[in-house]
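The values are calculated or read from the model by the stated rules, or taken from the named source; none is laboratory data. The structure displayed is predicted, hence computed values, not measured ones. Every residue, glycine among them, receives a Cβ derived from its backbone with ideal geometry; neighbour counts consider all protein chains shown. Note: areas computed on protein heavy atoms with side chains; ligands, DNA, RNA excluded. Shrake-Rupley method; radii C 1.70, N 1.55, O 1.52, S 1.80 Å.
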Amino acid sequence: MKNMEIPDLSDLSAFIYYDGDNTVSFFWRYRVSMEKENEMKKEYLLKYRGHVRRINRIEAELSELRTMKLSISVNNDGMPHGSGRSDMSGYAAELDELERNLIQEKYRRMVVHKEISAQIRCLDSETERDILFYRYIKGLNWWEIAEQMGYSERHITRLHGKALAHFQFPKKDKMS
């Protein structure tokens, strides 16, 4: 067997010229499985931002519903109408349902925030913790994270990849 340098696992092209098909095939599967795992980690981390979006949407719906109900409606068709008071029970029921949904969604957001934040705090590197926090909790774009941390955008995305590799899902008993 030849004495050869061990290539960097992050660069698939480094394996094309080593030991033939078996080495290339093994490392290709390894890289694909790592990419799938990273996608699962991103999906897990993005759960918090999903709750934030749903809360914003429910709050916007509540605001729109209140605005529509408070706006003055004039009916100038010349026909006699009742006292102008309408049945408010449908409005009240819809308002109540949206407010209950909002409370439930805020609770879910809080639980997910606590879980994800705890997992981010488990990372050894403060830089990696910062990147995951800014990206998945604060919802910042890459350029905003780079500006905040004083790195280039490209370097932030590289560090993000390392942070994802080091990030661990919560233990099964903690997730339930």
(1) closer than 21 Å to GLU35 by Cβ; (2) assigned to a helix (DSSP H, G or I) all hold for GLU99 apart from (1)
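Criterion first (open to solvent by 40 Å² or more (accessible area, probe 1.4 Å), modelled with pLDDT of 95 or more and not polar (S, T, N, Q)) does TYR134 satisfy it?
In short, yes.
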Of the listed residues (GLU115, GLU99, GLU128, GLU105), the one being in contact with a Pro (Cβ under 7 Å, 6 or more places away or on another chain) and open to solvent by less than 80 Å² (accessible area, probe 1.4 Å) is GLU115
Under 6 Å by Cβ, and 6 or more places apart or on different chains, what pairs join a residue from the range 117-144 that is at positive phi with one that is part of a helix (DSSP H, G or I) and among the basic types (Lys, Arg)? GLY139/ARG49
Being among the hydrophobic types (A, V, I, L, M, F, W, C) and modelled with pLDDT under 95 is the filter here, so list the residues in the range 81-105 that pass it. MET88, ALA92, ALA93, LEU95, LEU98
Mind listing whichever residues of the range 122-151 are among the small types (Gly, Ala, Ser) and in a helix (DSSP H, G or I)? ALA146
Please tell me if ARG154 is in a helix (DSSP H, G or I) and either touching a residue at least 40 places away in the same chain (Cβ under 8 Å) or surrounded by fewer than 16 Cβ atoms within 10 Å (Cβ to Cβ) (or both). yes
Subset of the range 139-151, residues out of contact with any helix residue (DSSP H, G or I) (no Cβ under 7 Å at 6 or more places or on another chain) and surrounded by 15 or more Cβ atoms within 10 Å (Cβ to Cβ), comes to GLU144, TYR151
Restricting the search to the range 157-176, which residues are open to solvent by 60 Å² or more (accessible area, probe 1.4 Å) and touching a residue at least 40 places away in the same chain (Cβ under 8 Å)? HIS166, GLN168, PHE169, LYS174, MET175
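Does LYS69 satisfy being more than 22 Å from LYS106 (Cβ to Cβ), within 19 Å of the chain's Cα centre (by Cα) and modelled with pLDDT under 95?
no
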